[in-house]
Amino acid sequence: MTIKKLLSATTLILVSSLANADEDANLYIEGEEMTVRAAAPAHMEELDEIFSGWVFRSDETQALQMDDFDNPAFVFVDQGIDLFSKVDGSEGKSCASCHENVEDFAGLRASMPRVEDGEVVSMEELVNGCRTERMGAEAWKWSSGSMTAITALIGLQSRGMPINVAIDGEAAAHWQAGKDIYYTRVGQLDMSCANCHEDNYGNMIRADHLSQGQINGFPTYRLKNAKLNSTHGRFKGCMKNIRATPYKEGSDEFKALELYLASRGNGLSVETPSIRN
């Protein structure tokens, strides 16, 4: 067999394996059923039903998320536990100094991001606000290992709860801004988020099975880079893939997009920390 034919055969085998996703499967984690399919939220006229990204993963990847012992993201959750109790900064405090029980954060991830005093507030900003204002510590970078570890730990406390992000009132203008970004074509490939995740979900693009781009499982462990990935980090990666100049992590644009995307998943379960390709 020639090298060209061998590579072609290998590619076919790989694509076939990756395409082997049971889209009708149900997700149970440690015996608790997650909602991976739901009626589309009322504000979405484009879709009738929404699906977690877990639905579109291979059988093997689906299985990894069903057992916390096998889920590689929990290596980083353990790091988050250590960070939660670690004293840092000029005030001699840790997260645990104020928040004695991390389980008290149950429900927070399901409502994030949210709008306060007219601005979109993300989980990362809540964490850094505590670090700089209460602990006297330096802010963490948006997608740093420490930040994704602690947001994964906090998000885990809401696992199984339905996403319920508010988009009315003072959130409405930010939500609309995020929607505009979602549907705007950008980059050398002249593509929008919707071109992949609304028009073509369920189809294969190269070796990837396109999902609806739901963010209910972030921060998520990606097999591609073997680490936890933040929501804004994934946004940046997508924009680079279509040859567009990405916004900065933590920018108003990405926070508005996060708000809009989170609302598209209203009704799905929080899966943090999930596993994706």
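Taking label points 7 Å from Cα along the Cα-to-Cβ direction, Asp180 and Tyr28 give a separation of 4.7 nm.
For each of Ile205, Ile50, Ile163, count neighbouring Cβ atoms within 10 Å of the residue's Cβ, then give the residues from fewest to most.
Numbers: Ile205 10, Ile50 23, Ile163 26.
Going from sparsest to densest Cβ surroundings: Ile205, Ile50, Ile163.
Determine the shape class of the stretch 162-210: with a ≥ b ≥ c the square roots of the Cα gyration tensor eigenvalues, call it rounded for a/c under 1.5, and otherwise prolate if a/b is greater than b/c, oblate otherwise. Working shown, then result.
On the way: a/c = 4.27, a/b = 1.65, b/c = 2.59.
It comes out oblate by the Cα gyration axes.
Cross-link list Lys141/Lys236; Lys93/Lys227; Lys141/Lys255; Lys179/Lys224; Lys179/Lys236: which exceed 20 angstrom alpha carbon to alpha carbon?
Values: Lys141/Lys236 15 Å; Lys93/Lys227 28 Å; Lys141/Lys255 15 Å; Lys179/Lys224 28 Å; Lys179/Lys236 17 Å.
Pairs exceeding 20 Å: Lys93/Lys227; Lys179/Lys224.
Given only helices, namely DSSP H runs of n ≥ 4 each adding -39500 (n - 2.57), what is the per-residue ellipticity at 222 nm of the chain, to the nearest 500 deg cm²/dmol?
Details: 10 runs with 103 residues, N = 277.
About -11000 deg cm²/dmol.
Using the Cα centre of the stretch 23-66 as the reference point, and only Cβ charges (+1 on K/R, -1 on D/E), how large is the resulting charge dipole? Debye, rounded to the nearest 20. It would help to have the intermediate numbers written out before the result.
Details: 2 positive and 11 negative charges, 23 e Å.
Dipole size: approximately 100 debye.
Under a model in which nothing but the beta-carbon of Lys, Arg (+1) and Asp, Glu (-1) is charged, the stretch 74-156 shows a dipole of about 160 debye around its Cα centre.
Order by neighbour count: Arg222, Arg159, fewest other Cβ atoms within 10 Å first, most last. Can you show the working numbers first?
Working: Arg222 18, Arg159 21.
Ranked by crowding around the Cβ, least crowded first: Arg222, Arg159.
Note on the chain: dipole from Cβ charges, positive end direction compared against Gly169, Ala110, Pro219; the farthest Cα belongs to Pro219.
Note on the chain: with charges restricted to the Cβ of Lys and Arg (+1) and Asp and Glu (-1), its dipole about the Cα centre is near 1340 debye. Using the Cβ-Cβ distance between Ala39 and Asp117 with R0 = 35 Å, the FRET efficiency computed as 1/(1 + (r/R0)^6) comes to roughly 0.60.
If neighbour count is taken as other Cβ atoms inside 10 Å, put His197, His209 in order from fewest to most. Intermediate results must be reported in sequence, preceding the final value.
Values: His197 19, His209 22.
Starting with the residue having the fewest Cβ neighbours, the order is His197, His209.
Laboratory data are not the source of any read-out in this text; all were calculated from the coordinates shown. Predicted model, so just to flag it, every value in this text is computed and none were measured. Don't worry about glycine lacking a Cβ; one is built from the backbone with ideal geometry, like all the others, and counts go over all protein chains shown.
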